[in-house]
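Colleague: Before we start, here is the structure in question, set down as structure tokens.
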């Protein structure tokens, strides 16, 4: 059940490519973090990987099948997409209603959810710790609460691959950790495959098995997180002088990134 992007590029007609020569192979039950400065196409990469935008060249394969050849029903039974919380629609819905929408991939787009679907939605909310939000309108939730509800909506469809667009952005310190720990559990305990983009390299070091580092002026770098997210590569791509420090706390190894100063951008 490998997810693979092969020699893929994307650009809008008449403009230079935003993404060039992107390739990665992600085994099942692993987490991939997509990193890079603003404007390098992280969200575009997710949308192309899911077939929401067409690759100009190359393709996305899942189980050795090009996803562009899958029916919508087949694709969305395998994949779930969690957009940025601030882009979520239908904020007047309650938490339970929002999560129940995630059952659409299993019951059909125009079918009405039944008691079984609502029970699955309730169970999903309970399992990820947001049961108390069942009757709360999404527009009244905090950013962290809404993000967890959107993840529950995706999980309610029982996908094999979960794709998330900046799931921790805009959240406070604690809620960032709550979301990261949930994703870590989904991958390493439940066996889901997860692809997420993030502005935080330290978050990739915390939970990602693999990393894809995008840059405006070099070929994307893909591999095990420890080999991709290094002080050298981060300094080159983000133009920041930094150090990665390690510590053992409560018996566990932790890494932190200490930015020192912004560097001059090289002349074009």
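Colleague: Name the one entry in 162, 177, 212, 183 that is surrounded by 19 or more Cβ atoms within 10 Å (Cβ to Cβ) and in a helix (DSSP H, G or I). Steps first, answer last, please.
Modeller: Details: 162 fails: in a helix (DSSP H, G or I); 177 fails: surrounded by 19 or more Cβ atoms within 10 Å (Cβ to Cβ); 212 fails: in a helix (DSSP H, G or I).
Matching residue, one of 162, 177, 212, 183: 183.
Colleague: Counting only residues that are over 12 Å from the mean Cα position of the chain (by Cα), in contact (Cβ under 8 Å) with a residue 40 or more places away in the chain and closer than 25 Å to residue 38 by Cβ, how many does region 151-177 have?
Modeller: Taking region 151-177 and keeping what is over 12 Å from the mean Cα position of the chain (by Cα), we get 152-153, 155-160, 170-177.
Now restrict to residues that are in contact (Cβ under 8 Å) with a residue 40 or more places away in the chain: 152-153, 155-160, 170.
Now narrow it down to the ones that are closer than 25 Å to residue 38 by Cβ: 170.
The total comes to 1.
Yes/no per residue for (1) in a helix (DSSP H, G or I); (2) within 16 Å of the chain's Cα centre (by Cα); (3) closer than 22 Å to residue 179 by Cβ:
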residue	(1), (2), (3)
33	no, yes, yes
39	no, no, no
53	no, no, no
76	yes, yes, no
81	no, yes, yes
90	no, no, yes
97	yes, no, yes
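Colleague: Within region 182-201, can you find the residues that are out of contact with any strand residue (DSSP E or B) (no Cβ under 9 Å at 6 or more places or on another chain) and modelled with pLDDT under 95?
Modeller: Step one: of region 182-201, the residues out of contact with any strand residue (DSSP E or B) (no Cβ under 9 Å at 6 or more places or on another chain) are 182, 185, 189-191.
Correct list: 189, 190.
Colleague: Regarding region 213-228, can at least one residue be identified that is closer than 24 Å to residue 4 by Cβ, assigned by TED's automatic domain parsing to the domain that holds residue 160, out of contact with any strand residue (DSSP E or B) (no Cβ under 9 Å at 6 or more places or on another chain) and modelled with pLDDT under 95?
Modeller: Yes, region 213-228 contains at least one residue that is closer than 24 Å to residue 4 by Cβ, assigned by TED's automatic domain parsing to the domain that holds residue 160, out of contact with any strand residue (DSSP E or B) (no Cβ under 9 Å at 6 or more places or on another chain) and modelled with pLDDT under 95.
Colleague: Here's a follow-up. Step by step: first the residues of region 233-268, then only those that are part of a loop (DSSP other than H, G, I, E, B) and touching a strand residue (DSSP E or B) at 6+ places or on another chain (Cβ under 8 Å), then the one that is nearest to residue 199 (Cα to Cα). Which residue is that? Walk me through how you get there before you give the answer.
Modeller: Applying the first criterion (part of a loop (DSSP other than H, G, I, E, B)) to region 233-268 yields 239, 250-251, 263-268.
Restricting the remaining residues to those that are touching a strand residue (DSSP E or B) at 6+ places or on another chain (Cβ under 8 Å) gives 239, 263.
Numbers: 239: 14, 263: 18 Å.
The qualifying residue nearest to residue 199 (Cα to Cα) is 239.
Colleague: Same structure again: What number of residues within region 104-118 satisfy the criterion of being modelled with pLDDT of 95 or more and buried (at least 18 other Cβ atoms within 10 Å of the Cβ)?
Modeller: 1
Colleague: Something else: Of everything in region 13-22, what is closer than 27 Å to residue 65 by Cβ and free of Cβ contacts under 8 Å to residues at least 60 places away in the same chain? Give them in sequence order.
Modeller: First, pick out the residues of region 13-22 that are closer than 27 Å to residue 65 by Cβ: 17-22.
Within region 13-22, 17, 18 meet the criteria.
Colleague: Among the residues of region 89-108, how many are in contact with a helix residue (DSSP H, G or I) (Cβ under 9 Å, 6 or more places away or on another chain) and without any contact (Cβ under 8 Å) to a residue 24 or more places away in the chain? Explain how you work it out, then say what you get.
Modeller: Step one: filter region 89-108 for residues in contact with a helix residue (DSSP H, G or I) (Cβ under 9 Å, 6 or more places away or on another chain), giving 90-108.
Subsequent filtering for residues that are without any contact (Cβ under 8 Å) to a residue 24 or more places away in the chain retains 97, 107.
Number satisfying all stated conditions: 2.
The values are calculated or read from the model by the stated rules, or taken from the named source; none is laboratory data. Predicted model only: the values in this text are computed from it and were never measured. All Cβ positions, even for glycine, are placed from backbone atoms using ideal geometry, and neighbour counts span all protein chains on display.
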